[in-house]
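The values are calculated or read from the model by the stated rules, or taken from the named source; none is laboratory data. The shown structure was predicted, so the numbers you read here are calculated from the model rather than taken from an experiment. Cβ: placed from backbone, ideal geometry, glycine included. Neighbour counts: every protein chain shown. Note: areas computed on protein heavy atoms with side chains; ligands, DNA, RNA excluded. Shrake-Rupley method; radii C 1.70, N 1.55, O 1.52, S 1.80 Å.
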Amino acid sequence: MAETTTMDKLVSLCKRRGFIYQSSEIYGGLTGAWDYGPLGVELKNNIRDFWWKEMTQMHDNIVGLDASILMHPKVWEASGHVSNFTDPMVDCRQCKSRFRTDMIDLQGACPTCGTSGSFTEPRNFNLMFSTHMGAVHDDSSIVYLRPETAQGIYVDFKNVVQSSRVKIPFGIAQVGKSFRNEITTKNFIFRSCEFEQMEMQYFCKPGTDEQWFEFWKDQRMSFYHAMGIRPDHLRWHQHGEDELAFYAKEAYDIQYLFPMGWQELEGVHNRTDYDLSQHQKFSGKDLSYLEQETKERYVPYVVETSAGLTRNVLMVLSDAYEEQELEGGDVRTVLHFHPSVAPVTVAVLPLVKKDGIGDYAEKLERELREDFATFYDQSGAIGRRYRRMDEIGTPYCVTVDYQTLDDNTVTLRFRDTMEQVRVSVDELGERIRRETKAYKRQ
Ligand code: GAP
């Protein structure tokens with residue numbers, strides 16, 4: 001299947017089934033901004049929760065934080081974003097379109113209006129959005145919408161050390177919105193102006209940073225395998241000297257084979273003591289750490305794992321999407337989501353509504369919703385209902401039929417294999433939990 005076709009089909013499925021819509025669509029849309037519909041928000045929250053559990057609950061030395069989006073403007077001077085967070089851009093003198101210099105042929109014609117020789121000299125363009133806070137609208141009231149969540153963690157480093165029982169090495173995890181004035185926003189939600197990040201900053205003793213860097217590289221790749229992502233669609237890319245961000249000593253990206261090719265999904269960065277030292281300098285506050293056992297004092301090094309949550313949504317959708325040819329030439333569209341992130345885990349479907357079957361199924365669905373994300377559907381032929389559930393990636397369908405009324409068993413259908421087994425209603429919840437834990441994509 002052509003790659004662009006896959007992206008087009010994904011975009012269309014996402015709109016049709018309520019995963020993702022263009023922002024402000026009735027006004028013609030807003031470039032670089034997206035809305036997550038009823039199924040999209042569930043998928044996004046589930047990926048976030050999967051990450052949060054893995055990065056906090058599964059480690060005894062990582063704590064969470066939710067810092068505000070608006071921060072003191074000095075934060076961004078200290079971090080280097082005011083002076084360095086820029087992309088070189090050119091404008092077309094004819095049509096005023098703006099392009100990143102690495103995205104076009106500077107000697108060629110303008111991709112928008114076709115005029116040759118119309119580009120200005122490259123200029124650095126800051127990616128931060130700014131606004132004003134308070135009643136006065138001048139330079140003193142400028143605040144920025146954060147371009148990364150990481151700085152909130154550095155700025156609260158001392159607070160966390162003093163108010164919780166963490167000891168180095170330890171991590172602080174955070175999920176939240178970030179904003180960048182991206183000029184090139186094609187490829188659906190891949191690169192947007194408003195997006196979400198899932199970041200963890202791991203504070204360690206200088207000299208141990210390289211060892212922790214390797215540790216976190218391993219952990220982060222394992223995370224994607226655990227989320228059921230196809231391993232042959234994931235790879236490492238090491239940043240060369242020319243790619244390294246201004247704060248990084250070493251950086252690797254996890255790349256995913258998106259419909260448009262291999263692209264960055266997450267970065268693992270060795271940020272050294274750059275950020276804490278900068279905040280120490282600009283704030284005048286001591287951000288060093290005293291090691292109780294050795295009485296040694298130092299500014300910790302930081303190993304950062306930085307993943308895009310919204311980019312993860314696109315990755316999970318691309319990875320899950322399949323148009324499967326069935327016996328007899330029928331084609332089904334199926335999303336092979338891992339059951340832990342699927343928006344709906346269990347659909348309950350009465351074979352027919354009459355003879356008490358619908359009532360039984362409704363009652364069963366109400367019981368199951370205590371533990372699972374459920375969906376009740378009694379309209380249409382059962383085959384059509386299964387297809388609708390396949391298309392939104394529901395891993396388990398439970399069908400209530402006449403036999404159920406006799407012996408309290410139901411049919412449990414598995415999305416990937418379409419296999420059906422008969423299960424006692426009493427064991428259903430436990431069976432679904434077990435299947436979810438042992439899930440391997442088929
Ligand atoms: N704190 C480090 C940092 O922000 P980054 O490589 O600029 O590093 C990390 O961003 C991750 O955030 C990327 O790998 C990507 O998944 C996501 N990301 C960055 N810019 C994005 C954008 N404009 N739209 C969607 N996701 C983005």
Checking 263, 201 in turn, the sole residue that is under 16 Å from residue 300 (Cβ atoms), part of a strand (DSSP E or B) and either within 12 Å of the ligand (Cβ to nearest atom) or hydrophobic (A, V, I, L, M, F, W, C) (or both) turns out to be 201
Residue list for segment 63-88, restricted to those being touching a Leu at 6+ places or on another chain (Cβ under 9 Å) and assigned to a loop (DSSP other than H, G, I, E, B):
69, 85
Say whether the condition of being within 16 Å of the ligand (Cβ to nearest atom), surrounded by 19 or more Cβ atoms within 10 Å (Cβ to Cβ) and within 25 Å of the chain's Cα centre (by Cα) is met by at least one residue in segment 207-214.
yes
Pairs, first farther than 30 Å from residue 166 by Cα in segment 186-205, second more than 10 Å from the ligand (Cβ to nearest atom) and in a loop (DSSP other than H, G, I, E, B), C-beta under 8 Å, six or more apart:
187/260; 190/260; 192/33; 193/31; 193/33; 194/33
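Take the residues of segment 219-233 that are among the small types (Gly, Ala, Ser) and open to solvent by 30 Å² or more (accessible area, probe 1.4 Å): which is nearest to residue 304 (Cα to Cα)? Let's see the steps before the verdict.
Taking segment 219-233 as the starting set, the residues that turn out to be among the small types (Gly, Ala, Ser) are 222, 226, 228.
Still in the running and open to solvent by 30 Å² or more (accessible area, probe 1.4 Å): 222, 226.
On the way: 222: 16, 226: 20 Å.
The residue in question is 222.
Search segment 422-436 for residues being of a type in the set (A, V, I, L, M) and closer than 14 Å to residue 406 by Cα, and hand back the single one that is most open to solvent (accessible area, probe 1.4 Å).
Checking each candidate, the answer is 425.
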Could we say that residue 131 is touching a Cys at 6+ places or on another chain (Cβ under 8 Å) and outside any helix (DSSP H, G or I) here?
no
Provide a single number: the residues in segment 253-275 that are touching a Ser or Thr at 6+ places or on another chain (Cβ under 8 Å) and open to solvent by less than 10 Å² (accessible area, probe 1.4 Å).
6
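If you scan segment 1-27, which residues turn out to be open to solvent by 50 Å² or more (accessible area, probe 1.4 Å), touching a residue at least 60 places away in the same chain (Cβ under 8 Å) and more than 18 Å from residue 186 (Cβ to Cβ)? Outline the logic, then answer.
Looking only at segment 1-27, we keep the residues that are open to solvent by 50 Å² or more (accessible area, probe 1.4 Å), and these are 1-4, 8-9, 11-12, 15-17, 21-22, 24-27.
Add one more test, that the residue is touching a residue at least 60 places away in the same chain (Cβ under 8 Å), and what stays is 1, 3-4, 9, 11, 17.
1, 17 - these are the residues of segment 1-27 that are open to solvent by 50 Å² or more (accessible area, probe 1.4 Å), touching a residue at least 60 places away in the same chain (Cβ under 8 Å) and more than 18 Å from residue 186 (Cβ to Cβ).
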Name every residue in segment 305-342 that is open to solvent by less than 10 Å² (accessible area, probe 1.4 Å), hydrophobic (A, V, I, L, M, F, W, C) and either over 22 Å from residue 178 (Cα atoms) or not in a strand (DSSP E or B) (or both), in order of residue number.
309, 313, 314, 315, 316, 317, 320, 334, 335, 337, 341, 342
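Hey, among 43, 30, 65, which residue is open to solvent by 70 Å² or more (accessible area, probe 1.4 Å) and within 16 Å of the ligand (Cβ to nearest atom)? Can you show your working first?
Working: 43 fails: open to solvent by 70 Å² or more (accessible area, probe 1.4 Å); 65 fails: open to solvent by 70 Å² or more (accessible area, probe 1.4 Å).
Of 43, 30, 65, the one residue that is open to solvent by 70 Å² or more (accessible area, probe 1.4 Å) and within 16 Å of the ligand (Cβ to nearest atom) is 30.
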Segment 152-186, residues that are over 15 Å from residue 75 (Cβ atoms), part of a helix (DSSP H, G or I) and aliphatic (A, V, I, L, M):
160, 161
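Going through 102, 91, 60 one at a time, which residue ends up being part of a strand (DSSP E or B), acidic (Asp, Glu) and free of Cβ contacts under 8 Å to residues at least 60 places away in the same chain? Show your work before the answer.
On the way: 102 fails: part of a strand (DSSP E or B); 60 fails: part of a strand (DSSP E or B).
On inspection, the qualifying residue turns out to be 91.
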Among the candidates 243, 250, 291, which residue alone is within 11 Å of the ligand (Cβ to nearest atom) and either buried (at least 19 other Cβ atoms within 10 Å of the Cβ) or among the charged types (D, E, K, R) (or both)?
243
Please list, ordered by residue number, the strands (runs of 3 or more DSSP E) wholly in segment 356-442 having 2 or more residues that are of a type in the set (A, V, I, L, M).
396-400, 409-414, 420-424
